[in-house]
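The values are calculated or read from the model by the stated rules, or taken from the named source; none is laboratory data. Nothing here was measured: the structure is a model prediction, and the numbers come from that model. Cβ: placed from backbone, ideal geometry, glycine included. Neighbour counts: every protein chain shown. Side chains included, ligands, DNA and RNA excluded: accessible areas come from the protein's heavy atoms. Shrake-Rupley method; radii C 1.70, N 1.55, O 1.52, S 1.80 Å.
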Amino acid sequence: MMNLKTFFSRALLALSLLAGAASATPVYHVALDTTGTSGDGYMQIDFLPFATSAVLTATISGLDGAFTGTPSLDNVVQSGGSYTFSSDAFSEFFQSITLGGKFGFDVTFGGAPTDGGSIGLSVSLLDSVGDYLSFQAAQISLVAGEPAAIAVDPGFATVNPVPEPADWLIVATGLVLLGAMQRRRA
C-alpha cells in the first residue's frame, strides 16, 4: 500500500512538471541601457523570416522608457499598449527616444518555424542623425526544432526569460510534495 502511494505521488509530480513545461509560451524581457549616451535617438525593432513559409508573430508589450512621439509601424498592429509583428512580410517598429536612460519591454512569440527556417527579432539603437549606436543590440532568433538563440551587445542590452506564473506553481507544488514525503518518512 505504501509503495502505491509513493508511486502515485511521484507520478503526480512528474505529470505536473510535464504539463507546465508543455503549456508555457516563453516570454523574454529586453532591457536596454543608454545611460552612456545622451540626446535624441531612435529605437528600431525588426521581425524577419528567413527561409520559412510559416506565418508567425511576435508581440511586444510593457514598453518602458523615455519614448517620444508616435512610432512608425510597418506590418505591425497596435492594440492598446501592445504591438504585434507578423512574419509574412518585413515588420518594423521605429520609435524616437531620449537617450541617457533605460528602456525595456517584453516579447512573446506566436509559434516557431517548423519547416527548417527561422525568424528573428532584433533591436537596434540609433543616434539623432540615424547612425547606429548599436546595430542589433539585442536579437532573439527562433529556429525549427532548437531553443531560442539570444545575442546581445553587452554595452547596451540584456535579454532574460520571464518566469511564468505556472512555473512558480510547479515549483511550489514540488516543494509541498517533497515536504509531505519527508514528513511521512519521519
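Please identify every one of the trypsin sites (Lys or Arg not before Pro) in segment 87-186 that sits in a loop by DSSP and has no more than 12 other beta carbons within 10 Å of its own beta carbon.
none
Short version: ³J(HN,Hα) in whole Hz for each residue of segment 135-143, in order, from phi by Karplus 6.51 cos²θ - 1.76 cosθ + 1.60 (θ = phi - 60°), x for Gly and Pro, what are they?
6, 6, 4, 9, 9, 10, 10, 10, 10
If segment 111-186 were replaced by its equivalent ellipsoid, with semi-axes equal to the square roots of 5 times the Cα gyration tensor eigenvalues, what would those be, largest first, whole Å?
Output for segment 111-186: semi-axes of 41, 18, 9 Å.
So, with a 1.4 angstrom probe, what is the percent of accessible area on segment 92-186 that is carbon and sulfur?
60 percent
List, in order, the whole-Hz ³J(HN,Hα) value for each residue of segment 68-82 obtained from phi through the Karplus relation with A = 6.51, B = -1.76, C = 1.60 and θ = phi - 60°; use x for Gly and Pro.
Those phi angles translate into 10, x, 10, x, 8, 10, 10, 6, 10, 9, 9, 9, x, x, 10 Hz.
Provide the descending list of Cα extents for segment 56-186 along its principal axes, expressed in whole angstroms.
Extents along the principal axes, in whole Å: 70, 39, 30.
Radius of gyration and Dmax for segment 24-81's Cα atoms, expressed in Å?
When restricted to Cα atoms, segment 24-81 yields Rg and Dmax of 14.3, 41 Å.
Could you work out the relative contact order of segment 54-186, using alpha carbon pairs under 8 angstrom and six or more residues apart, expressed as a whole percent?
19 percent
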